[in-house]
Amino acid sequence: MKKFYLTTPIKDEDIEDIRIGDIVYLDGIMVTCRDVAHRRLVEEKRPLPVDVANKAILHAGPIIKDLGNDQYEMIAVGPTTSMRMEKFEEEFVKQTNVKLVIGKGGMGAGTQRACKNYKALHLVFPAGNAVFAATKVEKIIDAQWKDLGMPETLWVCKVHDFGPLIVSIDTQGDNLFEKNKIEFNKRKEAEIAKIDKEVQFIK
């Protein structure tokens with residue numbers, strides 16, 4: 001496991017040596033982007049009003065305080081389940097050239113292909129740390145698609161030292177969650193075999 005510090009804009013060569021299980025901390029621009037924004041881009045073919053090329057998106061529906069005069073404060077920004085975006089993510093990455101996709105839990109084959117073909121990473125922010133994550137947001141510099149409501153708005157954030165982010169899919173297309181699943185299933189079968197020898201069920 002290695003630790004990396006990335007700053008947007010991110011180039012392909014910045015992430016080509018990062019592997020699953022490595023830890024990343026991010027400086028620069030990160031945009032919250034959930035289900036409806038993905039659907040608008042991919043299904044409705046509406047271009048994103050925010051340029052996320054060579055930047056990061058976060059699967060999250062944050063809690064925001066409106067300070068007035070288009071000024072906002074991040075109160076909490078916990079990741080939401082990334083797998084909900086799986087059916088859109090490959091096309092999303094292809095169209096936007098986003099380099100970091102951050103969320104909770106693993107993603108599937110489409111995102112693996114996207115990370116490999118278009119040189120991107122999927123990373124996991126530890127769940128249950130929404131208030132801590134908000135302290136890493138230095139400023140909200142823009143808000144787009146506010147008609148979607150607070151959770152689905154594209155909140156454009158300037159972040160510092162945002163992390164720790166655990167790499168779950170790397171630019172080789174390796175998937176940490178899938179590899180762990182195979183290993184855990186092997187261990188499970190071995191444990192079940194042991195238990196079967198020791199336990200007699202009452203009939």
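Rounded to the nearest percent, how much of the accessible area of the chain (1.4 Å probe, protein heavy atoms only) is carbon and sulfur?
Working: 5470 of 10610 Å².
Carbon plus sulfur share of accessible area: 52 percent.
At a temperature of 4 °C and a viscosity of 1.567 mPa s, determine how fast segment 90-130 diffuses translationally according to Stokes-Einstein, using the Kirkwood radius over alpha-carbon pairs as Rh; express D in µm²/s, rounded to the nearest whole number. Each step should come with its number before you reach the end.
Details: Rh = 10.6 Å.
After rounding, the answer is 122 µm²/s.
Once the convex hull of the alpha carbons of segment 113-162 is built, what does its volume come to per residue, in cubic angstrom? Please list the in-between numbers first.
Working: hull volume 6.5 nm³, N = 50.
Taking only Cα atoms, segment 113-162 has a hull volume of 131 Å³ per residue.
Could you pull the accessible area for residue 150 with a 1.4 Å probe, rounded to 10 Å²?
That residue has around 80 Å² of solvent-accessible surface.
Measuring with a 1.4 Å probe in the full set of protein chains, what accessible area per residue, in whole Å², belongs to the chain? Show your work: numbers first, answer last.
Values: 10610 Å² over 203 residues.
Dividing the accessible area of the chain by its residue count gives 52 Å².
Mind checking the log10 I(q)/I(0) for the chain at q = 0.12, 0.13, 0.14, 0.19 Å⁻¹? Debye, one equal scatterer per Cα, no solvent, two decimals.
The calculated log intensity ratios at q = 0.12, 0.13, 0.14, 0.19 Å⁻¹ are -0.59, -0.67, -0.76, -1.33.
In this model, which of 87/179; 11/87; 87/119; 158/179; 65/104 are farther than 30 Å apart at the alpha-carbon? Show your work: numbers first, answer last.
Numbers: 87/179 21 Å; 11/87 25 Å; 87/119 18 Å; 158/179 33 Å; 65/104 23 Å.
Beyond 30 Å between Cα atoms: 158/179.
With n ≥ 4 as the cut-off for DSSP H runs, can you work out [θ] at 222 nm for the chain, using -39500 (n - 2.57) per run divided by the number of residues, rounded to the nearest 500?
On the way: 6 runs with 61 residues, N = 203.
That calculation yields -9000 deg cm²/dmol at 222 nm.
Can you say what percent of the DSSP beta bridges in the chain, counting only those with both residues inside, are antiparallel? Round to 5.
Numbers: 23 of 39 bridges.
The answer is about 60 percent antiparallel.
List, in the order given, every pair from 45/99; 45/139; 3/94 whose Cα-Cα distance in the structure shown is over 24 Å.
45/139; 3/94
Report the full-extension gain for the segment residue 69 to residue 147: residue separation times 0.36 nm, less the Cα-Cα distance, to one decimal in nm.
On the way: separation 78, 0.36 × 78 = 28.08 nm, distance 1.72 nm.
Gain on extension, residue 69 to residue 147, equals 26.4 nm.
Could I have the simple spin-label model distance between residue 117 and residue 192, label points 7 Å from Cα toward Cβ, reported in nm to one decimal?
Between residue 117 and residue 192, the label points sit 3.5 nm apart.
Which value in nm describes the separation of the simple spin-label points at residue 13 and residue 131, placed 7 Å from the Cα toward the beta carbon?
Label-label distance for residue 13 and residue 131, simple model: 4.4 nm.
How big is the gap, in Å, between the Cα center of segment 31-49 and the Cα center of segment 122-148?
Between the Cα centre of segment 31-49 and that of segment 122-148, the gap is 17 Å.
When you count, for each residue, the other Cβ atoms within 10 Å and take the mean per peptide, how do 44-52, 19-27 rank with the highest first? Could the numbers behind the result be given before it?
Values: 44-52: 14.4, 19-27: 18.9.
Ranked from most to least packed, the peptides come out as 19-27, 44-52.
Bin width 10 Å, alpha-carbon pairs only: give the P(r) of segment 65-136 as whole percents, running from 0 to the bin holding the largest distance.
Bin by bin from 0 Å, the calculated values are 20, 39, 28, 12, 1.
The values are calculated or read from the model by the stated rules, or taken from the named source; none is laboratory data. Just so it is clear, the model here is predicted, and its values are computed rather than measured. Positions of Cβ are generated from backbone atoms using ideal geometry, with glycine treated the same way; all protein chains shown enter the neighbour counts. The area values use the complete protein model at the heavy-atom level, side chains included, leaving out ligands, DNA and RNA. Shrake-Rupley method; radii C 1.70, N 1.55, O 1.52, S 1.80 Å.
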